[in-house]
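The values are calculated or read from the model by the stated rules, or taken from the named source; none is laboratory data. As the structure is a computational prediction, the values presented were derived from the model and not from experiment. When we count neighbours, we look across all protein chains shown, and the Cβ atoms used for this are built from the backbone with ideal geometry, even at glycine.
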Amino acid sequence: MLLSVRDLRVGFPFEQGEAWAVDGVSFDIAEGETVGLVGESGCGKSTVARSVLDLVPEPGRVAGGRILFEGRDVLTLEPRELRDVRGGRIGLVFQDPSASLNPVLRVGDQIAEVARLHLGLDRAASRAEAVRLLGDVGMPDPEKWTRAFPFELSGGMRQRAALALGISGRPRLLIADEPTAALDVTVQAVIADLFGEIQERRGMSLLFVSHDLALVAERADRIMVMYAGRIVEIGRATSVVSEPCHPYTRALLRAMPVLGAEEPLEAIPGSVPGPLDRPPGCSFHPRCALGDQECTAERPALRTVGDRLCACIKVES
Amino acid sequence: MVKYILRRAVFVAPLVLGIVTATFFLSHLAPGDPVSLYLEPHRQADAELVERIRHDRGLDRPILVQYGTWLRDSVRGDFGDSFQHRRPVRDLLAEAVPQTLLLILLALAVDAALGISLGILSAVRRDTLLDRVLTVGSLAVYAVPGFWLALMLILVFSVQLGWFPTSQATSIGYDGMSMLGKLLDRLWHLVLPVTVLGVAGAAATARYVRGRLLDVLSEDYITAARGRGLRESRIVVGHALRNALIPIVTIYGMSLPFLLGSATIVETIFAWPGMGRLTVDAVASRDYPIILATTTVAAVLTILGNLLADVGYAAVDPRVSYDAAHGD
Amino acid sequence: MPRMATERLAVRARALVPGLAHWSLGSRGRAARLMLGAGTALGVLGWRRDRVLGARDGSLDLKIAVASLVLFLAVCVAFSWWDAGRLLREDGSTGSPGPWHLAMRRLRSNRLAAASAWVILLMGAGALLAPLVAPHDPTAIGDVLNTRFLPPSWSHPFGTDQFGRDLFSRALYGARVSLSVGLLAMLLATTVGTLVGAVAGYFGDAVDGILMRIVDVWIAFPAFYLMLLLVGVFDTNVPTLVAILGLAAWPATARFVRGEMLSLRARDYAEAARAIGCSPGRIMFRHLLPGALSPILVTAALSVAGMIGAEAGLSFLGLGIRPPTPSWGNMIAAGKDSLIHAWWVAFFPGGLLTVTLVSFGLLADGLRDALDPRAEMRKYV
């Protein structure tokens, strides 16, 4: 297994106590696999994505669990080794490219810097690599764009540049944190396809984080659904979408517009509870159609239900 | 670039006109006969002298004509003769202004070197004891009045330790020194005044750099750079600092009027032959031609400083384009 | 918990002694503060009873000092009575705190800012009560041969100067000048700046254009040079100095108040006020200006420091307050020449000046954080 996350817990200290943004998450990603991580905003999916590179923002901290990448725990690496993993073995692309690209450095220089660091290229070779990468991500006239500053690029072009930057160290795993959420709807699909294309061409693994189940369903091999800091369902993309197991996944699907569908969209009642006021037991039960007293007893663990893992006591094995 | 500078300079011309106009009217604020401005104080003037001055200075002409004359002369740099020194004010300015600029530029250098490095140190060691000491210390240093700091430094370093001279720009016997000797002598005299003038700014800069750097370090592109495996030192220096320091150019441009103000006091204490001391002496002896001239020059210098800051900002921030006009 | 009528009466009676009722009602902190304040005031009155009794024939300064002390005592009693009544009615429970209340709470929890506020209050009290508390006459020239340049001691905490004058007393009187000039000049600059900025920002167009061009030219002059020029033109005493400092400093306030106004007048509630026919003046001062109050307050606190510093600078150069009237600036100037053999002459007034400036700086910092809680949040988010 390329990446194995085990029982990850990430907390943010507040006056009222520790807020567990990620509260016991375990999953695997295989070599060459595309995995989608889906959930409403505030469910902790971005925090999971950043934890894999030990990049939880201050004052948060990884309080427990292991993140085994190529067999070694990222959380216990020496700073030097951690720097080799970051960018070199695992790449990262953020949501908003206008915030994640340094505004005062030329696009080509930012890419070349990583190529020099992780590929050991000299100045000239790293520049050539930057041009090649920008070409790879579909930028016309890449030579010209290496000299551009981020503000001179359009939104879609910026995310292409950010993708080029993310893969410039030739990582084995690329983590894309909502890479299309900040873009115009018209280019979202194009950029999402580009991520899939690059993943396939490079034979790397891809962890695609998104709140958009439909977008992920078409492009991922497997899907993980997250709710209130925990993963509630893991399964093959096709079967999760066609036969959702967890009530939350079902609710998500019903809230999703389907072309030509007759039945009206159903919004999920209520909203995601904050990390400090999660209800006892299953965090979803107050919003769940099946929720009752039984659900408050304890937090359901992931268990095998048919061809997938599901964390709900109401679902028959 | 040249076009950009020219376009900014277009905004400067009316300001300079406004400044010269303002000094003219301020000088006419004085209660009583404007002739008294040109009479040496505390000296009995006979009617004939008064009339002669009135005529020579054109004070018997309509005020608009006087204004026109003042405009023409001041733009040419002709501010009349000083009473005390009995020399053209222009010549006095030619000697004094470079001395003040030297002091201010060196103070800015101290400000930048000390302020930026302490600011970085404070930001990367944030919430440590060092950071707290630097933060509170810089606030205190910023608030210490320059003249009192100057006296305390003189007390310690000149009087007690005897390391630095208390006054003047050069030693006695300066003319007989070698080139190197002259340079060292000048630097030796510059240490205390430049320190006094520079540390307040350095304290402000340190506070500013700390705040900006902390803001920038929490930006996504810094997390992204960390995620690409760059060293922390490389991230701070190569990625964060440039973003944090861009606005400093503007701040330095704006700090010029404060430095000119502080320089008057520092120059007076250290008997430094600059335009600040010239002004203070002139105010004390009511030498109006000098006061009007130095005030005008100080304002024009401020405007030029702002222009320079604008141009400098455009030069360091890629997002400012030379072609797009951006407000006034 | 309901209280018996007699019990309420007893509390009321006790409230006439500041703090006593609060103590019995369990509001210990407020009780201690009230007792300390009133006790100190009474103590000063008792300690200087000879001066208090002689105030009728004394100087105006002395009369003001005694009157303000008596007034303070009266306010203590009145507040104690009123607040005890409030506590009885509400039994300690308060409604939901308003934004100013919250800001005050945040300010008080900022230890540096709270300490600064106390330092400023102490300085202010010392300045106001100088005629009562000063141990010596600040201008009386002593027995020059025996009392000149005495180092600090119990009878002369800050030592004496070249005329044998008590420097502690002079520093107290100097605080009167420095603080009052600073506060009044700040008030002048803030008032003029706010008015000009509000009018320019609210009316916009030509009014804005003309006013802001004036501000541009004004700001181009280094403030200290402008002050020097004006000092050269006018004779300086406290009122003219206040005018000079205030007039040199207003444009900075005007510029930022204009900016605030520009953004505030575009808000919906300004539009609504216009729609129901409020006059421009009413919209400006009742509806918009309160929205800009926090930055104005912070700037004002900072500008007091700037003004005090400028006054001290001018007086130091011999161009502001002139001896024998003491001001911290001219005291430091007087100490300049005796720096070598009598360091204390320049050291103490400079130290007080520095402490005052630092305090106003810290207070302004604290005010900024207290009035703009988002700034605090930004550190984490």
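Return the residue satisfying two criteria in turn: it lies in the range B:154-177 and is in a helix (DSSP H, G or I) and within 13 Å of another protein chain (Cβ to nearest Cβ), and of such residues it is surrounded by the most Cβ atoms within 10 Å (Cβ to Cβ). Spell out the reasoning first.
Taking the range B:154-177 first, the residues in a helix (DSSP H, G or I) are B:154-160, B:174-176.
The next check asks that each one be within 13 Å of another protein chain (Cβ to nearest Cβ); those that pass are B:154-160.
Working: B:ILE154: 23, B:LEU155: 17, B:VAL156: 13, B:PHE157: 17, B:SER158: 18, B:VAL159: 15, B:GLN160: 11.
Restricting to residues being in a helix (DSSP H, G or I) and within 13 Å of another protein chain (Cβ to nearest Cβ), the top hit is B:ILE154.
Filter the helices (runs of 4 or more DSSP H) completely within the range A:67-172 down to those with at least 3 residues that are of a type in the set (Lys, Arg). I'd like the intermediate steps shown before the answer.
On the way: elements: A:79-88, A:97-100, A:107-119, A:123-136, A:142-145, A:155-166.
Here the list reads A:79-88, A:123-136.
Within the range A:99-113, can one find any residue that is of a type in the set (Ser, Thr, Tyr) and surrounded by fewer than 24 Cβ atoms within 10 Å (Cβ to Cβ)? Lay out the reasoning, then the answer.
So the first thing to find is which residues in the range A:99-113 are of a type in the set (Ser, Thr, Tyr), and the list is A:100.
Cutting the leftovers down to surrounded by fewer than 24 Cβ atoms within 10 Å (Cβ to Cβ) gives us none.
Within the range A:99-113, none of the residues are of a type in the set (Ser, Thr, Tyr) and surrounded by fewer than 24 Cβ atoms within 10 Å (Cβ to Cβ).
Being within 14 Å of chain B (Cβ to nearest Cβ), within 30 Å of B:ASP127 (Cβ to Cβ) and at pLDDT 90 or above narrows it down to one of A:LEU53, A:LEU8, so name that one.
Details: A:LEU8 fails: within 14 Å of chain B (Cβ to nearest Cβ).
From the options A:LEU53, A:LEU8, the qualifying one is A:LEU53.
When you check B:VAL300 against the structure, is it surrounded by fewer than 20 Cβ atoms within 10 Å (Cβ to Cβ) and within 11 Å of another protein chain (Cβ to nearest Cβ), yes or no? Spell out how you get there, then give the answer.
Working: surrounded by fewer than 20 Cβ atoms within 10 Å (Cβ to Cβ): yes; within 11 Å of another protein chain (Cβ to nearest Cβ): yes.
Yes.
When the range B:211-255 is examined, which residues are found to be more than 10 Å from chain A (Cβ to nearest Cβ), hydroxyl-bearing (Ser, Thr, Tyr) and either within 14 Å of A:LEU105 (Cα to Cα) or free of Cβ contacts under 8 Å to residues at least 40 places away in the same chain (or both)?
Matches in the range B:211-255: B:SER233 only.
Quick test for you: out of A:ALA130, A:ALA125, A:ALA115, pick the one residue that is more than 22 Å from B:GLU219 (Cα to Cα), more than 8 Å from every other protein chain (Cβ to nearest Cβ), among the aliphatic types (A, V, I, L, M) and in contact with a Leu (Cβ under 6 Å, 6 or more places away or on another chain).
Working: A:ALA130 fails: in contact with a Leu (Cβ under 6 Å, 6 or more places away or on another chain); A:ALA125 fails: in contact with a Leu (Cβ under 6 Å, 6 or more places away or on another chain).
That would be A:ALA115, the only listed residue that is more than 22 Å from B:GLU219 (Cα to Cα), more than 8 Å from every other protein chain (Cβ to nearest Cβ), among the aliphatic types (A, V, I, L, M) and in contact with a Leu (Cβ under 6 Å, 6 or more places away or on another chain).
What do you reckon, is A:ARG147 touching a Gly at 6+ places or on another chain (Cβ under 8 Å) and either free of Cβ contacts under 8 Å to residues at least 24 places away in the same chain or surrounded by fewer than 16 Cβ atoms within 10 Å (Cβ to Cβ) (or both)? I'd like the intermediate steps shown before the answer.
Details: touching a Gly at 6+ places or on another chain (Cβ under 8 Å): yes; either free of Cβ contacts under 8 Å to residues at least 24 places away in the same chain or surrounded by fewer than 16 Cβ atoms within 10 Å (Cβ to Cβ) (or both): yes.
Spelling it out, A:ARG147 is indeed touching a Gly at 6+ places or on another chain (Cβ under 8 Å) and either free of Cβ contacts under 8 Å to residues at least 24 places away in the same chain or surrounded by fewer than 16 Cβ atoms within 10 Å (Cβ to Cβ) (or both).
If you take the residues in the range B:210-240 that are small (Gly, Ala, Ser) and closer than 15 Å to A:VAL56 by Cα, which one is surrounded by the most Cβ atoms within 10 Å (Cβ to Cβ)?
Restricting attention to the range B:210-240, the residues satisfying the condition of being small (Gly, Ala, Ser) are B:211, B:218, B:224-225, B:227, B:229, B:233, B:238, B:240.
Next, only the ones that are closer than 15 Å to A:VAL56 by Cα stay: B:218, B:224-225, B:227, B:229.
Details: B:SER218: 16, B:ALA224: 25, B:ALA225: 28, B:GLY227: 26, B:GLY229: 24.
Per the stated criteria, the residue is B:ALA225.
Which residue pairs have Cβ atoms closer than 6 Å, lie 6 or more positions apart in sequence or on different chains, and pair a first residue in the range B:116-135 that is basic (Lys, Arg) with a second residue that is at pLDDT below 90?
B:ARG125/B:ASP131
Restricting to the range A:14-53, and then to whatever is free of Cβ contacts under 8 Å to residues at least 40 places away in the same chain and not in a helix (DSSP H, G or I), can you tell me which residue is farthest from A:LEU75 (Cα to Cα)? Break it down into steps so the answer makes sense when it comes.
Of the residues in the range A:14-53, the ones free of Cβ contacts under 8 Å to residues at least 40 places away in the same chain are A:15, A:28, A:47.
Filter once more, keeping what is not in a helix (DSSP H, G or I): A:15, A:28.
Values: A:GLU15: 26, A:ASP28: 16 Å.
Top of the filtered list is A:GLU15.
Among the candidates B:LEU190, B:LEU183, B:LEU139, B:LEU151, single out the residue that is away from chain C (no Cβ under 14 Å), within 30 Å of C:PRO349 (Cα to Cα), assigned to a helix (DSSP H, G or I) and not polar (S, T, N, Q).
Only one candidate qualifies: B:LEU190.
State which residue is surrounded by the most Cβ atoms within 10 Å (Cβ to Cβ) when the search covers only the range B:303-322 and only residues that are hydrophobic (A, V, I, L, M, F, W, C) and within 13 Å of chain C (Cβ to nearest Cβ). Before the answer, list the steps.
Of the range B:303-322, the ones hydrophobic (A, V, I, L, M, F, W, C) are B:303-304, B:307-309, B:311, B:314-316, B:320.
So of that shortlist, the ones also within 13 Å of chain C (Cβ to nearest Cβ) come out as B:303-304, B:307.
Details: B:ILE303: 24, B:LEU304: 15, B:LEU307: 17.
My answer is B:ILE303.
Give the number of residues within the range A:133-183 that are away from chain B (no Cβ under 14 Å) and either small (Gly, Ala, Ser) or over 22 Å from B:LEU230 (Cα atoms) (or both).
17
Quick check, is B:SER285 over 18 Å from the mean Cα position of the chain (by Cα) and either within 11 Å of another protein chain (Cβ to nearest Cβ) or under 22 Å from B:LEU17 (Cα atoms) (or both)? Write out each step before concluding.
Details: over 18 Å from the mean Cα position of the chain (by Cα): yes; either within 11 Å of another protein chain (Cβ to nearest Cβ) or under 22 Å from B:LEU17 (Cα atoms) (or both): yes.
Considered against the rule, which asks whether it is over 18 Å from the mean Cα position of the chain (by Cα) and either within 11 Å of another protein chain (Cβ to nearest Cβ) or under 22 Å from B:LEU17 (Cα atoms) (or both), B:SER285 comes out as yes.
Just to confirm my filter: which helices (runs of 4 or more DSSP H) fall fully inside the range C:265-381 and include at least 1 residues that are surrounded by 24 or more Cβ atoms within 10 Å (Cβ to Cβ)?
Numbers: elements: C:268-275, C:293-316, C:328-336, C:344-371, C:373-378.
So the answer is C:293-316, C:328-336, C:344-371.
Can you tell which of A:LEU75, A:LEU53 is touching an Asp or Glu at 6+ places or on another chain (Cβ under 9 Å), among the hydrophobic types (A, V, I, L, M, F, W, C) and more than 24 Å from A:GLU233 (Cβ to Cβ)? I'd like the intermediate steps shown before the answer.
Values: A:LEU53 fails: touching an Asp or Glu at 6+ places or on another chain (Cβ under 9 Å).
Only one candidate passes the filter, namely A:LEU75.
Within the range A:28-41, can you find the residues that are in contact with a strand residue (DSSP E or B) (Cβ under 9 Å, 6 or more places away or on another chain) and surrounded by fewer than 21 Cβ atoms within 10 Å (Cβ to Cβ)? Don't jump to the end; show me each part of the working.
Of the range A:28-41, the ones in contact with a strand residue (DSSP E or B) (Cβ under 9 Å, 6 or more places away or on another chain) are A:28-40.
Scanning the range A:28-41 gives A:ASP28, A:ALA30, A:GLU31, A:GLY32, A:GLU33, A:GLU40.
From the list A:ARG9, A:ARG50, exactly one residue is touching a Pro at 6+ places or on another chain (Cβ under 9 Å), more than 22 Å from A:THR249 (Cβ to Cβ) and among the charged types (D, E, K, R). Which is it?
Values: A:ARG9 fails: touching a Pro at 6+ places or on another chain (Cβ under 9 Å).
The conditions single out A:ARG50.
Could you say which residue among A:GLY156, A:GLY120 is surrounded by fewer than 19 Cβ atoms within 10 Å (Cβ to Cβ) and modelled with pLDDT under 90?
Values: A:GLY156 fails: surrounded by fewer than 19 Cβ atoms within 10 Å (Cβ to Cβ).
The conditions single out A:GLY120.
Would you tally the residues in the range C:178-198 being aliphatic (A, V, I, L, M) and surrounded by 20 or more Cβ atoms within 10 Å (Cβ to Cβ)?
7
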